[in-house]
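Scroll down for the structure; my scribbles are underneath it.
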Amino acid sequence: MQRLALCLALLLICGAVSAEQIKPPVKAATKPPAAATKKTAAKPAPKKGPPAKMLFGAVSAPAPLAARAIGSYARGCLAGGVSLPINGPDWQVMRLSRNRNWGTPQLLDYLERLASDARARDGWPGLLVGDMAQPRGGPMITGHSSHQIGLDADVWLTPMPDRILTPQEREDISATSMLKDPLTVDQAIWTPLHTKLIKRAASYPQVSRIFVHPAIKKVLCQQAGKDRAWLGKVRPWWGHFYHFHIRLKCPPDMAGCENQKPPSGDDGCGTELANWFTMLRKAELAAASRPAVPGAKPAPKKPPLSLGDLPKECMTVLSAGGGMPTIAPDGTVPAALKAEAGKDAGPPAPHLDPEALAALKASMSKSKPGAKATAAAKPADASASAAALPAQPASTGGPAVTAAQPASTVGPASPSDSVPLPDRKPQ
């Protein structure tokens, strides 16, 4: 009996053990995959190509397309550009190494007409023509934020000499500053013929604007006489103290060309001009209070325009006829680098001497606190500020214009000036 009881006990124990062994294993808690807990890595931003100014500055020939200004004066390009001959009967082109004597046929017709009329009707010796546009327009590496669509041109206020300048002279000669100081025109240099030249330039109906330094605008207001309609086109802007900037309207049949808003209609000799002189004084005080720190980094600038910032047609203009320049592996455009070393056209902007600066500080401190001048509306043209230009040699660009008559005798433009110019066929 004892053996039977022992056997039964062993059977019970073994059955319990075997029953324990066949139970299904408990599943471990499933952890989420590690990748699911991590944020998706941000994709690197696509690399932009070289700035548009490098691409357009590297092309030496015009786009073989129909002549057309595309986009706006400060954001566009030029198709079918035509070059102004470097020598004409009443003009010469300066800074030939820049290759910026290109424009629409309408701009060339205008400049040739202005040069002829100014010499025959006003006695101006001839035009020294500065920057117009690059062969295919677009942003420039140096000097301007406009001049992009072939409707802008700079004309020096230095009269043309009575001989043909050599290529080297055209690179080295500096334009003559018209300023005695930042606020005053030098009356030993400025003459009534300068006034007549700018009046002549503004008199044609296709002209949208003429840009000059505020001090020059003030003299024009004083010397205009009773005929003041043309003054509304003449707008003050920084840096235009040795040249004036001509801007034509978009030709009426040119699709895709964006006009600038027309001037307000008044002569601009009142509140607007007074506000500009307030800005000039403040700028002079700011420049004097800014310490000259060797090796200091310049103030940050806006990023340059890329090709994608321009109208889509500008890609076609740039690449037409195999014109797309070579881009190096480092992203630079070798053919454009030499343009960065080009010499600017005029001398640096003048500054007040210590005595005059002290007087300006005293007068500004007496002004009412909190009074702020209303800034003049910013046009989309704007050549670079002359305060940043490097020093240039003294001008030898021709004989000084003598004052043949008093300023009050500057007469109205001829009625024939309102006759539209003929179209020039692209060459």
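The values are calculated or read from the model by the stated rules, or taken from the named source; none is laboratory data. Fair warning: this is a prediction, and the values are worked out from it, not measured in the lab. Cβ placement follows ideal geometry from the backbone for every residue including glycine, while neighbour counts extend to all protein chains displayed.
Candidates Gln187, Gln168: the one that is free of Cβ contacts under 8 Å to residues at least 12 places away in the same chain and part of a helix (DSSP H, G or I) is Gln168.
Taking the conditions (1) surrounded by fewer than 20 Cβ atoms within 10 Å (Cβ to Cβ); (2) at pLDDT below 95; (3) of a type in the set (A, V, I, L, M, F, W, C) in turn, Ile189 satisfies each one other than (2). The criterion of being at positive phi, within 24 Å of the chain's Cα centre (by Cα) and crowded, with 18+ Cβ neighbours inside 10 Å holds for Gly239. Tallying residues that are over 30 Å from Pro347 (Cβ atoms), in contact with a Leu (Cβ under 9 Å, 6 or more places away or on another chain) and not in a loop (DSSP other than H, G, I, E, B) within the range 235-279 yields 1. What are the residues in the range 257-274 that are in contact (Cβ under 8 Å) with a residue 60 or more places away in the chain and either surrounded by fewer than 12 Cβ atoms within 10 Å (Cβ to Cβ) or touching a Gly at 6+ places or on another chain (Cβ under 8 Å) (or both), if any? Once the filter is applied, which keeps residues that are in contact (Cβ under 8 Å) with a residue 60 or more places away in the chain and either surrounded by fewer than 12 Cβ atoms within 10 Å (Cβ to Cβ) or touching a Gly at 6+ places or on another chain (Cβ under 8 Å) (or both), the range 257-274 yields Cys257, Glu258. Given the criteria modelled with pLDDT of 95 or more and either over 25 Å from the mean Cα position of the chain (by Cα) or under 24 Å from Gly88 (Cα atoms) (or both), does Val212 qualify? Answer is no for this residue.
For the range 298-337, a tally of residues being among the β-branched types (Val, Ile, Thr) and under 16 Å from Gly76 (Cα atoms) returns 2.
Within the range 126-135, can one find any residue that is buried (at least 24 other Cβ atoms within 10 Å of the Cβ), free of Cβ contacts under 8 Å to residues at least 40 places away in the same chain and under 21 Å from Arg95 (Cβ atoms)? Checked against the condition, which is being buried (at least 24 other Cβ atoms within 10 Å of the Cβ), free of Cβ contacts under 8 Å to residues at least 40 places away in the same chain and under 21 Å from Arg95 (Cβ atoms), the range 126-135 yields at least one hit.
Taking the criterion of being out of contact with any Leu (no Cβ under 7 Å at 6 or more places or on another chain) and among the charged types (D, E, K, R), the residues of the range 209-234 that qualify are Arg209, Lys226, Asp227, Arg228, Lys233. Out of Ile216, Ile210, one residue alone is assigned to a helix (DSSP H, G or I) and buried (at least 20 other Cβ atoms within 10 Å of the Cβ). It is Ile216. Note on the range 93-130: among residues that are polar (S, T, N, Q) and within 22 Å of Asp344 (Cβ to Cβ), the one that is farthest from the chain's Cα centre (by Cα) is Ser97.
Residues that are at positive phi and free of Cβ contacts under 8 Å to residues at least 40 places away in the same chain occur in the range 90-99; there is at least one. Within the range 85-115, the set of residues being over 14 Å from Val155 (Cβ atoms), part of a helix (DSSP H, G or I) and out of contact with any helix residue (DSSP H, G or I) (no Cβ under 8 Å at 6 or more places or on another chain) comprises Pro105, Gln106, Asp109. For the range 142-158, filtered to residues that are crowded, with 23+ Cβ neighbours inside 10 Å and assigned to a loop (DSSP other than H, G, I, E, B), the residue that is farthest from the chain's Cα centre (by Cα) is Thr158. Taken as a whole, the structure leaves Ser177 outside the set of residues that are assigned to a strand (DSSP E or B), within 22 Å of Ala153 (Cβ to Cβ) and small (Gly, Ala, Ser).
Listed here are the residues, each with its yes/no results for (1) over 25 Å from the mean Cα position of the chain (by Cα); (2) modelled with pLDDT of 90 or more.
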residue	(1), (2)
Ala341	no, no
Gly346	no, no
Pro350	no, yes
Glu355	yes, yes
Lys366	yes, no
Pro369	yes, no
Lys372	yes, no
Ala375	no, no
Lys378	no, no
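Of all the criteria given as (1) on the phi < 0 side of the Ramachandran plot; (2) among the aliphatic types (A, V, I, L, M); (3) at pLDDT below 50, the one not satisfied by Ala382 is (1).
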